[in-house]
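A short write-up of the structure that comes next.
Only the coordinates and a few stated rules stand behind these numbers; no lab work does. Being a predicted model, the structure only gives us computed values, none of them experimental. Neighbour counts are summed over all protein chains in view; Cβ atoms, including those assigned to glycine, are modelled from backbone coordinates with ideal geometry.
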Amino acid sequence: MSAVYNFCAGPAMLPKAVMAKASQEFVDWQGMGVSVMEISHRSKEFMALSSEAEASLRKLMDVPDNYRVLFMHGGGRGQFSAVVNNFMGNNGRAKYLVSGQWSKAAAEEAVKLAGADAIDVVDVVSDDNGVKSVVLPSFEGQDDEYRYLHYCPNETVDGIEIFEDIDCPWPVVADMSSNILSRKIDVSRYGLIYAGAQKNIGPSGLAIVIVRDDLLNLPTLSQSSIMDYRLARDNDSMYNTPPTYAWYLAGEVFKWLEQTGGVDAMEQVNTAKAERLYQCIDSLGFYGNKVAAANRSRMNVTFQLADESLNEAFLKEAEASGLVALKGHRIVGGMRASIYNAMPMEGVEALVSFMEDFASRHGN
Ligand SMILES: *Cc1c(COP(=O)(O)O)cnc(C)c1O
């Protein structure tokens with residue numbers, strides 16, 4: 001089979017080298033004669049794996065000592081609930097910035113759990129003749145009490161990324177499901193970072209949570225035990241049986257990242273990949289992207305064909321060329337190329353060649 005490049009937004013492609021190693025180890029892990037998914041999470045072998053994976057992630061993201069790393073169930077949306085559950089208490093309030101579909105969904109879940117009065121929702125996207133950009137409000141001098149401010153630095157569906165840091169007097173909670181480990185960030189600026197694993201880390205179901213210690217000393221606790229950050233912390237993320245195979249694969253992805261030069265090296269490649277693709281979109285007059293340059297996502301590149309009646313032909317021909325899952329999210333339509341860490345530059349080059357060729361055959 002010739003090369004297939006998978007541009008799916010999630011679950012997304014994993015590094016080829018990791019998949020090859022995992023397939024070799026699938027039925028016989030470390031010479032044990034059984035799969036890693038068939039052993040106890042409390043065995044010394046798995047305990048070694050789990051702490052190694054955490055150590056690796058800490059190193060990659062330069063996580064300060066006063067932060068806990070938790071491996072939890074329930075993906076990204078599980079954390080929409082867990083954050084409210086753990087931090088809101090009986091009469092807390094929170095601020096939610098909305099920059100696209102995922103932050104909107106997070107705010108809706110918060111309203112559902114805490115009530116509309118408790119959630120201050122702020123739309124931060126401005127639309128200038130159909131071109132979207134993010135305009136962050138100033139939080140200076142605001143003395144309202146919020147337990148936290150929630151935002152989503154990379155909107156997977158809309159292709160909108162916020163590169164600016166948020167300056168505010170409240171702990172910042174960030175949904176980094178689709179851009180964690182894609183560029184350098186300063187963890188100490190955040191109260192809590194979470195990410196569903198299936199974009200940049202591993203299989204779906206697993207969620208990574210990085211939380212500052214002092215936020216776990218609040219008097220309130222989650223009502224739900226499996227969402228309780230303190231129980232997760234006190235039980236080394238093994239209050240109930242963790243998603244062990246997902247944890248194993250996440251650890252392998254972290255090792256791969258370390259071997260390929262870490263987050264700095266990844267950021268350089270990611271920047272080059274995104275530039276190459278946006279440059280193709282901008283230069284041909286055949287495709288368009290509706291996000292202002294400063295907020296164009298490096299992970300999820302959305303684009304439209306000027307003549308949308310060609311959408312089906314585009315997708316069909318792309319697939320025949322081994323370029324799969326380019327269809328945009330059903331809510332926003334158009335096309336989307338997700339180019340997470342695991343997507344090599346060659347995949348982007350192959351897509352650009354195809355897009356140039358398609359444009360020349362169908363119009364210009
Ligand atoms: C995919 C995604 C989610 C949802 O993740 P699930 O694991 O499906 O719950 C949440 N936020 C962002 C930014 C995402 O990209």
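Leaving out same-chain residues fewer than 8 places away, which lysines sit with a Cα under 22 Å from that of K184?
Correct list for K184: K59, K199, K255, K273.
Give a quick list of chymotrypsin sites (Phe, Trp or Tyr not before Pro) in segment 67-123 that DSSP marks as loop, anything other than H, G, I, E or B, with at most 12 other Cβ atoms within 10 Å.
In loop regions of segment 67-123 (DSSP not H, G, I, E or B), there are no sparsely surrounded chymotrypsin sites (Phe, Trp or Tyr not before Pro).
Determine the sum of side-chain charges near L97: Lys and Arg each +1, Asp and Glu each -1, restricted to other residues whose C-beta is under 12 angstrom from that of L97.
-3
Ignoring the sites themselves, what is the longest stretch of the chain with no GluC sites (Glu not before Pro) in a DSSP loop and at most 11 other beta-carbon atoms within 10 Å?
165-364
Return the calculated 222 nm mean residue ellipticity for the chain, to the nearest 500 deg cm²/dmol, obtained by summing -39500 (n - 2.57) across DSSP H runs with n ≥ 4 and dividing by the residue count.
Mean residue ellipticity, 222 nm, calculated: -11500 deg cm²/dmol.
Can you pull out the trypsin sites (Lys or Arg not before Pro) in segment 51-114 whose DSSP state is coil and whose Cβ has at most 10 other Cβ atoms within 10 Å?
In loop regions of segment 51-114 (DSSP not H, G, I, E or B), there are no sparsely surrounded trypsin sites (Lys or Arg not before Pro).
Restricting the count to DSSP beta bridges whose residues both fall in the chain, what percent are antiparallel, rounded to a multiple of 5?
60 percent
Local charge sum around S177 (other residues, Cβ-Cβ under 11 Å, Lys/Arg +1, Asp/Glu -1)?
0
Beyond 21 Å, how much of the Cα-Cα pair distribution for segment 17-259 remains, as a whole percent?
For segment 17-259, the share of Cα pairs beyond 21 Å comes to 58 percent.
Give me the net charge for the shell around A195: Cβ to Cβ below 13 angstrom, other residues only, Lys and Arg +1, Asp and Glu -1.
Here the charged neighbours net out to +1.
Compute, for segment 16-110, the length of the dipole vector about the Cα centre, with Cβ point charges of +1 (Lys, Arg) and -1 (Asp, Glu) only. Units Debye, rounded to 20.
360 debye
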